[in-house]
Amino acid sequence: NVGFLGNGTNIGDAIGLAAKRLAESEAKEKVLILLTDGVSNVGNLNPLQAAEFAKEGGIKIYSIGIGTDNTAKLPYKVGGKTFYQEIPGGSIDVETLKSISKSTNGSFYYAKSSLALGKVFEEINKLEKTEVKVFGERKFRYRYKYFLIFGIFLVFGVELFLSKKRLFGV
């Protein structure tokens, strides 16, 4: 459903919240992927200010604008009816997204299709490689089968007992 979170795009507050959570992380590399289809037009925090907070926390932002650069239509409701506001030239503020990424030593990508978006994620994966140490291996053995088999036999046994009891009138 379009509009269930309200009308508009809140990029600044999203970056601010993510930066706050990542600042508490003990990870060596802190990366935020900002995936948006819109211009930041709601919220309390300016996206560029939020990017500065992220930069102070050592967070690198990769911003990805998704959509086309054609005229976009932003839906809004009035009295139960849906109307569309046209945004000429697309609904992505490319310059702001580039500034956000540049200020945090990240990169900006423009994905006009799902195929292009997949390629962007592949490129980010190549750029951000971190070695993860695994301290042991856990193997699980599921033992529910024994209880399942026991339960099935128990149900059939009870059913058999009750059917014989009914059959002989006992």
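Brief remarks on what is shown
- For segment 124-139, filtered to residues that are under 30 Å from GLY106 (Cα atoms) and outside any helix (DSSP H, G or I), the residue that is modelled with the highest pLDDT is GLU128.
- Close pairs from segment 94-122: first among the aromatic types (Phe, Trp, Tyr), partner open to solvent by 40 Å² or more (accessible area, probe 1.4 Å), Cβ under 8 Å, at least 6 apart: PHE108/LYS98; PHE108/LYS102; TYR109/GLU123
- Candidate set: segment 61-82, residues that are exposed (fewer than 12 other Cβ atoms within 10 Å of the Cβ) and of a type in the set (Ser, Thr, Tyr); chosen: the one modelled with the lowest pLDDT: THR71
- Taking the criterion of being within 22 Å of LYS55 (Cα to Cα), under 18 Å from the mean Cα position of the chain (by Cα) and among the aliphatic types (A, V, I, L, M), no residue of segment 98-119 qualifies.
- Filter result for the condition that a residue is of a type in the set (Phe, Trp, Tyr), open to solvent by less than 100 Å² (accessible area, probe 1.4 Å), out of contact with any helix residue (DSSP H, G or I) (no Cβ under 6 Å at 6 or more places or on another chain) and outside any helix (DSSP H, G or I), over TYR110, TYR142: TYR110
The values are calculated or read from the model by the stated rules, or taken from the named source; none is laboratory data. Note that the structure is a prediction, hence the values are computed from the model and not measured. Cβ coordinates were reconstructed from backbone atoms using ideal geometry, including for glycine residues, and neighbour counts include every protein chain displayed. SASA here: full protein model, heavy atoms, side chains in, ligands and nucleic acids out. Shrake-Rupley method; radii C 1.70, N 1.55, O 1.52, S 1.80 Å.
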